[in-house]
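To keep things clear, I will list the structure first and then write my remarks on it.
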Amino acid sequence: MAGEQKRIVIIGAGFAGMWSALSARRAIVYNATERASNIDVVVIAPSDDLVVRPRLYEDGPENMKSSLTELFAATGVRFIKGTVDEINTESHEVSVLDPQGTRSSVTYDRLVVAAGSRLVRPKIDGLDEHAFSIDSIDEAVKLDNHLKSVANLPPSPARDTAVVCGGGFTGIEIAAELPARLRAILGPDTNVRVVVVDRNEHIGPELGPGPRPAITEAFKSLGVEMKLGSAVTAVDAEGVTLASGERIETFTAVWTGGVAANALTQQIAGEKDTFGRLHTDRTLRVPSEPHVYATGDTAHAATDDDGNCAMMSCQHANILGRSSGYNAAADLLGVPQVPYEQADYGTCLDLGPWGAVVTKGWEREVQLTGAEAKKVKKWVNGVLIYPPKADAEEALAAADPVYKIPDLADGPATGAGF
């Protein structure tokens with residue numbers, strides 16, 4: 001019935017969750033009918049701040065967030081502060097624990113799972129007790145405070161050394177930042193040592209060979225060492241032990257090795273990949289649960305017809321969100337859904353004071369390096385990935401599910417936003 005109230009519940013207020021909410025509201029507003037006026041869009045998350053997670057390797061991580069309060073109010077999105085810990089797909093409801101510990105249930109007609117991902121911490125001796133990470137603002141701030149605190153200790157190899165455990169995207173970016181960051185804290189003449197350790201034989205294995213020469217050159221210029229082909233087997237308060245038997249003295253071990261989808265995906269029936277992501281169709285619906293859509297880091301979704309799948313990155317989450325929210329609303333409205341497509345892919349990897357490297361396509365053909373690439377990275381981090389203004393017309397226009405990523409090599413000249 002046209003007058004029956006319907007509800008779209010979105011779990012998570014990250015990049016995918018935010019854009020899901022805006023795109024759902026876009027579908028509703030742009031299809032102004034009685035049916036549309038009776039669809040409520042609700043976001044449930046621990047905070048209505050968008051954590052700019054890709055920037056947590058930078059100095060000042062406590063500032064890497066953007067409030068969504070005014071944006072949600074301007075666009076008609078209802079926000080519930082709390083944590084979803086249970087999903088019941090039979091009764092179409094989620095269980096929410098609010099900050100005071102009070103539990104409640106919220107029913108849905110369509111559910112969008114945008115709960116993100118988490119850092120994987122394997123069972124390595126001492127890892128939980130002694131290793132830092134930058135997976136959340138709280139963890140990044142803890143590392144930042146630790147780095148500042150070691151300045152109170154007498155000089156020693158352990159004080160002046162940082163070991164980054166993991167040579168993937170995040171590991172490379174934090175490793176490239178640490179030499180200058182440590183010298184700013186410990187003094188410009190300090191003999192700072194930064195070491196990247198990875199079990200793989202090549203740095204940035206998931207990035208392929210394209211950007212590798214730039215990464216290697218940057219590390220050499222910055223004095224970052226690489227110990228590849230040897231995994232971390234133990235971490236303690238004063239050092240890291242490798243599978244080779246080598247021990248590196250350090251008070252600062254940073255774990256960056258691997259991510260997995262939020263554990264909520266395990267409560268939803270359906271095929272999952274090795275990261276725990278739910279397989280979806282091209283509308284981002286979970287085939288086994290027709291009332292559930294997965295998006296962002298919880299979705300294993302084809303980006304094109306060539307066998308490529310979305311990466312666990314904000315670049316993909318921003319477009320996945322635009323598709324999932326719109327399609328959930330379109331399904332309730334009875335209007336055509338828009339297949340998710342993201343054929344264009346670019347990589348912009350920060351390499352600290354040396355610069356950055358920008359690549360294009362799934363083959364990661366290098367477009368820019370050094371200072372020119374750094375300008376693009378600053379634009380991406382400072383402008384492109386941030387939310388739109390709290391203006392309904394502008395925000396809903398930006399939430400178009402048919403969206404083309406700007407060519408990163410063009411940088412700020414595009415004037416476009418995610």
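The values are calculated or read from the model by the stated rules, or taken from the named source; none is laboratory data. Bear in mind that the values here come from a model prediction, so they are computed numbers and not experimental data. Cβ atoms come from the backbone with ideal geometry, glycine included; neighbour counts cover every protein chain shown. The accessibility values were calculated without ligands, DNA or RNA, using every heavy atom of the protein model including side chains. Shrake-Rupley method; radii C 1.70, N 1.55, O 1.52, S 1.80 Å.
Taking helices (runs of 4 or more DSSP H) as the structural unit, those lying wholly within the stretch 121-190 and holding at least 3 residues that are surrounded by 14 or more Cβ atoms within 10 Å (Cβ to Cβ) and among the β-branched types (Val, Ile, Thr) correspond to 169-186.
Looking for whichever is open to solvent by less than 10 Å² (accessible area, probe 1.4 Å) and in a helix (DSSP H, G or I) here; the options are 50, 22. Which one fits?
22
Among the conditions (1) modelled with pLDDT of 95 or more; (2) within 25 Å of residue 279 (Cβ to Cβ); (3) among the hydrophobic types (A, V, I, L, M, F, W, C), residue 356 misses just one, which is (2). Taking every residue in the stretch 8-20 that is assigned by the TED database to the domain that holds residue 111 and at positive phi and pairing it with any residue that is open to solvent by 10 Å² or more (accessible area, probe 1.4 Å) and not small (Gly, Ala, Ser), at least 6 positions away or on another chain, the pairs with Cβ-Cβ distances below 9 Å are 12/84; 12/262. Restricting the stretch 316-330 to residues that are under 15 Å from residue 343 (Cα atoms) and of a type in the set (A, V, I, L, M) leaves a set whose member that is nearest to the chain's Cα centre (by Cα) is 317. Condition test on residue 331, is it more than 21 Å from residue 314 (Cβ to Cβ) and either assigned by the TED database to the domain that holds residue 110 or open to solvent by 10 Å² or more (accessible area, probe 1.4 Å) (or both)? Yes: the conditions hold for residue 331. Can you find a residue that is farther than 20 Å from residue 186 by Cα, in the same structural domain as residue 296 (by the TED database), open to solvent by 20 Å² or more (accessible area, probe 1.4 Å) and in contact with a Ser or Thr (Cβ under 7 Å, 6 or more places away or on another chain) anywhere in the stretch 101-110? The answer is yes, given that some residue of the stretch 101-110 is farther than 20 Å from residue 186 by Cα, in the same structural domain as residue 296 (by the TED database), open to solvent by 20 Å² or more (accessible area, probe 1.4 Å) and in contact with a Ser or Thr (Cβ under 7 Å, 6 or more places away or on another chain).
Within the stretch 25-40, can one find any residue that is in a loop (DSSP other than H, G, I, E, B), of a type in the set (Ser, Thr, Tyr), open to solvent by 10 Å² or more (accessible area, probe 1.4 Å) and free of Cβ contacts under 8 Å to residues at least 24 places away in the same chain? Scanning the stretch 25-40 turns up no residue that is in a loop (DSSP other than H, G, I, E, B), of a type in the set (Ser, Thr, Tyr), open to solvent by 10 Å² or more (accessible area, probe 1.4 Å) and free of Cβ contacts under 8 Å to residues at least 24 places away in the same chain. Would you check if residue 116 is surrounded by 15 or more Cβ atoms within 10 Å (Cβ to Cβ), modelled with pLDDT of 95 or more and on the phi > 0 side of the Ramachandran plot? Yes. Screening residue 274 with (1) within 25 Å of residue 26 (Cβ to Cβ); (2) open to solvent by 10 Å² or more (accessible area, probe 1.4 Å) gives one miss only, at (1). Just one residue in the set 366, 402 is in a loop (DSSP other than H, G, I, E, B) and either open to solvent by 40 Å² or more (accessible area, probe 1.4 Å) or free of Cβ contacts under 8 Å to residues at least 24 places away in the same chain (or both); that residue is 402. Of all residues in the stretch 54-71, those satisfying the criterion of being open to solvent by 50 Å² or more (accessible area, probe 1.4 Å) and of a type outside the set (S, T, N, Q) are 59, 62, 65, 70. Looking at the stretch 72-79, can you tell me whether even one residue there is closer than 21 Å to residue 276 by Cα, touching a strand residue (DSSP E or B) at 6+ places or on another chain (Cβ under 6 Å) and not in a loop (DSSP other than H, G, I, E, B)? Checked the stretch 72-79: no residue is closer than 21 Å to residue 276 by Cα, touching a strand residue (DSSP E or B) at 6+ places or on another chain (Cβ under 6 Å) and not in a loop (DSSP other than H, G, I, E, B). Is there a residue in the stretch 314-325 that is in a loop (DSSP other than H, G, I, E, B), among the basic types (Lys, Arg) and buried (at least 20 other Cβ atoms within 10 Å of the Cβ)? No: the stretch 314-325 contains no residue that is in a loop (DSSP other than H, G, I, E, B), among the basic types (Lys, Arg) and buried (at least 20 other Cβ atoms within 10 Å of the Cβ).
Scan the stretch 1-19 for residues that are surrounded by 19 or more Cβ atoms within 10 Å (Cβ to Cβ) and part of a strand (DSSP E or B) and jot them down. If the condition is that a residue be surrounded by 19 or more Cβ atoms within 10 Å (Cβ to Cβ) and part of a strand (DSSP E or B), then 8, 9, 10, 11 are the ones that fit. Looking across the stretch 191-215 at every residue that is of a type in the set (D, E, K, R) and closer than 25 Å to residue 144 by Cα, the one that is least open to solvent (accessible area, probe 1.4 Å) is identified as 198.
Residues of the stretch 219-226 include at least one that is open to solvent by less than 20 Å² (accessible area, probe 1.4 Å) and aromatic (Phe, Trp, Tyr). From (1) at pLDDT 95 or above; (2) farther than 15 Å from residue 249 by Cα; (3) in contact with a Phe, Trp or Tyr (Cβ under 9 Å, 6 or more places away or on another chain), pick out the condition that doesn't hold for residue 138. Looking at each condition in turn, residue 138 falls short on (3). Does residue 74 count as open to solvent by less than 60 Å² (accessible area, probe 1.4 Å) and either closer than 22 Å to residue 257 by Cα or modelled with pLDDT under 95 (or both)? Judged against the criteria, residue 74 is not a match. Looking across the stretch 369-399 at every residue that is assigned to a loop (DSSP other than H, G, I, E, B) and not aliphatic (A, V, I, L, M), the one that is most open to solvent (accessible area, probe 1.4 Å) is identified as 389.
Summed over the stretch 336-363, residues that are in a loop (DSSP other than H, G, I, E, B) and buried (at least 17 other Cβ atoms within 10 Å of the Cβ) total 10.
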